[in-house]
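A.B. asks: Quick one: the structure is below, and I'll ask about it shortly.
We did not get these values from a lab; they are worked out from the coordinates using the rules stated. Computed from a predicted structure; not experimentally measured. Note that each Cβ is placed from the backbone with ideal geometry, even for glycine, and that neighbours are counted across all protein chains shown.
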Amino acid sequence: MNSSNFSQRLQSTFKTGDWVSARHIRFASLFYLFASGLFVAALFLVPNSFNPGAGKPLLTDFLSFWAAAAEAVAGRPELPFDTAEFQRLQNQLTGTDSFFSFFYPPTFLLGILPFGLADFSVSFLLFNGLGLVCLWAMIRAVTGSGFIALMLCAFPPVMNCVFHGQNAMFLAALLGFALLCLRQGHAVIAGILIGLMTVKPQLGVLIPIALLADRRWITILSAGVTTLALAGLSYLVFGQETWLAFIEQIPMAGQTLQEGWVPWEKMISFYAGLRTMGVAHAPAQILQGLVAIGAGILVFWAWRSSASYADKVMVLVPFSLLATPFALSYDLTLLVVPIAFWLAETEKQGARPYEKSLLVICVLLTAAGSSATKWTGVPVGFLAICAVAYIGVQRVLFQKGRLAAG
């Protein structure tokens, strides 16, 4: 076989996506789920760098959630926003100098309050178990298949989220259900779910643009009322001091990003990718701003178009991730939402050229994670988002072109 024929066959294989079969995907997903379960069990049972031993809590992000909730239950909800005091508390709990910040608004503290009633291990397992159930239920509702939902729960960022004890599974479930309700005409419920997402507002900054473009006025109103009601409830429960402490702490989140206190290779934003490659703060911030503006324009364009609803979702979610400078590798869990909508769409209409291969590459990039970014200096998480965003834009363009030709 000459090089020309080999190149043509390679291009054809990449175009169709036949190089990865459904059997391979099923095996890889189930194996990854099983291996991840063993890994989480090993965190508790086997001595490792994340387990201080002697029954102390694991050194993962969930430590900050659990400690903050426990302090709120004890009547000290403002303490997590006092960095020095919160660090001292965590050091006492773990016997180490590890520290996990709590940059979330008091509305999120309200949501995790029940997890402060039990010890760390029980709360960690319940939090992750509930997150996985919510995510599975959302994917099942979108795709109509419980088995596909199970396989998508093996998406590498989801398991990364489980390991960290992070909240991206809940946010992905809220977003997926909100978009599903929006498509089905349940405008008020969609708005309520979007309002609940404001516990981590930077991941949904472009949702209002999509709603405005699609003239979803009832959903916008519902989301606004829910946001205010949630803030008001947290104010009543935790008091004014907690909100003042949170507001006073806000600049520290920006400083954490700028100074790299959370290593940039663990982040997935364009800003973090530039910083990883040695770009200074000011130009990286300007370029991130330009990316955010461009992302907003593309979302508005897509949601004003006559593209299918799934195609609009394929644009909204990845560009929402591209728009924020502060997002980490486990936040890639939100990509489960457009992938689920894509699967439901292609089940009826089939995939377009190169889409299957690009999504497989996306999965591989997310599996490589922050370690690959650290070793290579290439922001692989950012590239994974770009792969999904590219598919979304191409699908919208194809639809517009087909309508113009017709």
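A.B. asks: Going by average Cβ density within 10 Å per residue, which order do the peptides 298-305, 309-316 take, highest to lowest?
C.D. replies: Highest mean packing first, the order is 309-316, 298-305.
A.B. asks: Which helices of the chain meet both criteria: a Cα extent of 18 Å or more along the helical axis and a mean Kyte-Doolittle score no lower than 0.0, with helices taken as whole DSSP H segments?
C.D. replies: In the chain, the long hydrophobic H runs are 22-45, 120-143, 168-183, 217-238, 281-304, 309-323, 336-349, 355-376, 380-405.
A.B. asks: Now for a separate question. Based on the Cα coordinates of the chain, what is the per residue volume of their convex hull in Å³?
C.D. replies: 160 Å³
A.B. asks: Which FRET efficiency, nearest 0.05, do W301 and V46 yield, Cβ-Cβ r, R0 60 Å? Spell out each step's value before the answer.
C.D. replies: Working: r = 51 Å, r/R0 = 0.85.
E between W301 and V46, to the nearest 0.05, is 0.75.
A.B. asks: Which net charge results for the neighbourhood of E241, defined as the other residues with beta-carbon distances under 11 angstrom from its beta-carbon, given Lys and Arg at +1 and Asp and Glu at -1?
C.D. replies: Value of the local net charge: -2.
A.B. asks: What is the chain's relative contact order, in percent, from Cα pairs under 8 angstrom and six or more apart in sequence?
C.D. replies: Taking the mean separation of contacting Cα pairs over the length of the chain, I get 18 percent.
A.B. asks: If you don't mind, there's one more thing I want to ask. Divide by every residue of the chain the summed helix terms, -39500 (n - 2.57) for each DSSP H run of at least 4, and state the resulting mean residue ellipticity at 222 nm, rounded to the nearest 500 deg cm²/dmol.
C.D. replies: When only DSSP H runs of four or more count, the value is -23500 deg cm²/dmol.
A.B. asks: Something else: Where does each of D97, D82 land when they are ranked from fewest to most other beta-carbon atoms within 10 angstrom?
C.D. replies: Placing the least packed residue first, the sequence is D97, D82.
A.B. asks: With label points built 7 Å along Cα→Cβ from the Cα atoms of A74 and V225, find their separation and express it in nm.
C.D. replies: About 3.9 nm separates the two model spin labels.
A.B. asks: If I histogram all Cα-Cα distances within region 254-328 using bins 5 Å wide from 0, what percent of pairs lands in each bin?
C.D. replies: Pair shares across the bins are 3, 18, 24, 19, 13, 10, 7, 4, 1.
A.B. asks: Among 112-124, 167-179, how do they line up from the highest to the lowest mean number of other beta-carbon atoms within 10 Å? Mind dumping the intermediate values first?
C.D. replies: Numbers: 112-124: 17.2, 167-179: 25.6.
Sorting 112-124, 167-179 by mean packing, highest first, produces 167-179, 112-124.
A.B. asks: Could you list, bin by bin from short to long, the percent of Cα-Cα pairs of region 175-326 in 5 Å steps?
C.D. replies: P(r) over region 175-326, rounded to whole percents: 2, 9, 15, 18, 16, 15, 14, 9, 3, 0.
A.B. asks: Could you give the radius of gyration (one decimal) and Dmax (whole number) of the Cα atoms in region 324-406, in Å?
C.D. replies: 14.6, 50
A.B. asks: Rounded to a whole number, what is D in µm²/s for region 177-217 from Stokes-Einstein with the Kirkwood radius over alpha-carbon pairs (10 °C, 1.306 mPa s)?
C.D. replies: Working: Rh = 10.3 Å.
Rounded to a whole number, D works out at 154 µm²/s.
A.B. asks: Further, regarding this structure: Using packing as a proxy for protection, rank 28-35, 221-228, 40-47 so that the peptide with the highest average count of other Cβ atoms within 10 Å comes first. Could you put the intermediate results ahead of the total?
C.D. replies: Working: 28-35: 14.9, 221-228: 17.6, 40-47: 12.4.
Listed from highest to lowest mean packing, they are 221-228, 28-35, 40-47.
A.B. asks: Tell me the net charge near A272. Cut-off is 10 Å between Cβ atoms, A272 excluded, with +1 for each Lys or Arg and -1 for each Asp or Glu. Mind dumping the intermediate values first?
C.D. replies: On the way: positive: K266, R275; negative: E265.
Residues near A272 contribute +1 overall.
A.B. asks: How many percent of all Cα-Cα pairs in region 147-196 sit more than 17 Å apart? Spell out each step's value before the answer.
C.D. replies: Details: 537 of 1225 pairs.
Across region 147-196, Cα pairs with separations above 17 Å total 44 percent.
A.B. asks: Now, a different point. Over what distance in Å are the Cα centres of region 276-325 and region 82-141 separated?
C.D. replies: Here the answer is 29 Å between Cα centres.
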